[in-house]
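Asks: Would you mind keeping the following structure in view while I ask a few things?
The values are calculated or read from the model by the stated rules, or taken from the named source; none is laboratory data. Computed from a predicted structure; not experimentally measured. We place every Cβ from the backbone using ideal geometry, glycine too, and count neighbours over all the protein chains shown. Side chains included, ligands, DNA and RNA excluded: accessible areas come from the protein's heavy atoms. Shrake-Rupley method; radii C 1.70, N 1.55, O 1.52, S 1.80 Å.
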Amino acid sequence: MRNFINLADIDKKELRKIIDHAKLQKEKKANINNDAPLKGKTLIMIFEKPSTRTRLSFELAMKKLGGDVLVLNPKESHYGSGDESVHDTAKVLSQYGDIVMMRTSKHEHFLEFSKHLDIPIINALTGLSHPCQIVADVLTFEEVKKEPIKNKKIAWLGDGNNVAYSLIEASVKFDFHLSLACPKGYEPNKTILQWAKKNNGNVLVTKNPLEASNNADCVITDKWISMNDKNINKIKKKKALKPYQVNKKIMRCAKSSALFMHCLPASRGEEVTNEVMDGKQSAVWLEALNRMHVQKSIIQWCLK
C-alpha cells in the first residue's frame, strides 16, 4: 500500500514516474486500451478546509479514470465531531473506499488518521506541507520549458509556509536550485532545511528578494495570509511581507524567460501585482489545470 504524504518520503525515481505518467496521460498516450482503469474504485475525499482547485482536480481526476467519488464533510458526519474515534472512522472508511484524500490543518491529525487506514491516503494539504501542488508545479515548469527542471533555479518569495516546505523537499528530489526570500520571523521550517542540507540539497534562504530572484528560471509565491493564520497580527505580517511582492522589478531580476507561478487563490495587489499575474510570463492557469493531471497520476500510483 502506497501513501502520498510528503515528498521527502518518496523515492525520487517514483516521483519522476508520477510526473512522466502525468505527461503521458495528458498527451493521451496512456490508457489507450483502457479508458477507465479505475472503474469500480472509490475515492473518499475529506475536507476540513475549504477548497476550489483541490476539490475540482481530484473529483475530475477520479471520474476521468472511471472511478467514483464520495465527499465526507466533517460537519455532516461523526468524523471530527468527537462522537467516534479516529481509529473507528478510519476502519469504516477502509471498508467503503479504495483510497482517501484529506485536506486538513493539523499534519499530526493527518498522520494519526493514516495509521488506522487499511487503504492509501493522499495529502491534499496540511498545515505542514502541500505536496500535490508542488508536483503540479514541476509538471507545469517542464511542460512550458520543454526540458527537465533539474539544475534550474527556482525562487520563492514570501512566507516560508507549507507550500515552501514541499518546495524544499522537491528541490532535493528533482535536483533543482532553490532560493527562498523570507522576512525575519517567517523563515521556512528548520527541520526541513536540515533535512535538505543532510541530503545535499542546494537551498539558499535569504532576506533579500532580489538576491533570491536574480537569474531565476521561475518565481513562485503564495498568499501572505493563509487559512492557517489564526490569532495572528495580520497587519504586522502584511507589513513584513510587503517588500516580497512579486512585481515587474522582481521579474526583471529573474531571467527574461522566467515563469511566474502561484498555487492560488491569490490576493492581487498584495503578494503579486496584476501586471505579473496576467502577464506573458504567468503560468498560473496552466498550473491550476495541471493539478488534475497530477492527481490522476498520484491516485494511480497509490493504487498500484
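Asks: Restricting to region 104-137, name every residue that is within 16 Å of Ile10 (Cα to Cα) and either at pLDDT below 95 or in a loop (DSSP other than H, G, I, E, B) (or both).
Replies: Residues satisfying the conditions are Pro120, Ala124, Ser129, His130.
Asks: Moving on. When you scan region 145-191, how many residues do you find that are part of a helix (DSSP H, G or I), of a type outside the set (Phe, Trp, Tyr), open to solvent by 10 Å² or more (accessible area, probe 1.4 Å) and touching a helix residue (DSSP H, G or I) at 6+ places or on another chain (Cβ under 7 Å)?
Replies: Summing the residues that are part of a helix (DSSP H, G or I), of a type outside the set (Phe, Trp, Tyr), open to solvent by 10 Å² or more (accessible area, probe 1.4 Å) and touching a helix residue (DSSP H, G or I) at 6+ places or on another chain (Cβ under 7 Å) in region 145-191 gives 2.
Asks: Same structure again: Considering only region 193-212, how many residues are open to solvent by less than 90 Å² (accessible area, probe 1.4 Å), within 30 Å of Arg252 (Cβ to Cβ) and of a type outside the set (Asp, Glu)?
Replies: 12
Asks: If Glu112 meets every condition in (1) over 21 Å from Glu59 (Cα atoms); (2) free of Cβ contacts under 8 Å to residues at least 12 places away in the same chain apart from one, which number is that one?
Replies: For Glu112, the exception is condition (2).
Asks: Then there is this: Could you say whether any residue in region 259-269 is in a helix (DSSP H, G or I) and either among the aliphatic types (A, V, I, L, M) or more than 22 Å from Leu180 (Cβ to Cβ) (or both)?
Replies: no
Asks: Give the number of residues within region 1-52 that are of a type in the set (Asp, Glu) and modelled with pLDDT under 95.
Replies: The number of residues fulfilling the criteria is 3.
Asks: If you take the residues of region 38-63 that are within 18 Å of Leu286 (Cβ to Cβ) and open to solvent by 30 Å² or more (accessible area, probe 1.4 Å), which of them is farthest from the chain's Cα centre (by Cα)?
Replies: Leu60
Asks: May I ask you to list the residues in region 213-243 that are touching a helix residue (DSSP H, G or I) at 6+ places or on another chain (Cβ under 9 Å) and at pLDDT 95 or above?
Replies: Ser213, Asn214, Asn215, Ala216, Asp217, Cys218, Val219, Ile220, Thr221, Asp222, Trp224, Pro243
Asks: For region 220-240: of the residues being part of a loop (DSSP other than H, G, I, E, B) and of a type in the set (D, E, K, R), which is surrounded by the fewest Cβ atoms within 10 Å (Cβ to Cβ)?
Replies: Lys230
Asks: What are the residues in region 271-304 that are part of a loop (DSSP other than H, G, I, E, B), at pLDDT 95 or above and surrounded by fewer than 17 Cβ atoms within 10 Å (Cβ to Cβ), if any?
Replies: Of everything in region 271-304, those that are part of a loop (DSSP other than H, G, I, E, B), at pLDDT 95 or above and surrounded by fewer than 17 Cβ atoms within 10 Å (Cβ to Cβ) turn out to be Asp278, Gly279, Lys280.
Asks: Also, I was wondering about something else. Among Glu142, Glu108, which is in contact with a helix residue (DSSP H, G or I) (Cβ under 8 Å, 6 or more places away or on another chain) and charged (D, E, K, R)?
Replies: Glu142
Asks: Just to be sure before I move on: is Asp222 under 19 Å from the mean Cα position of the chain (by Cα) and without any contact (Cβ under 8 Å) to a residue 24 or more places away in the chain in the structure I sent?
Replies: Against the criterion (under 19 Å from the mean Cα position of the chain (by Cα) and without any contact (Cβ under 8 Å) to a residue 24 or more places away in the chain), Asp222 does not qualify.
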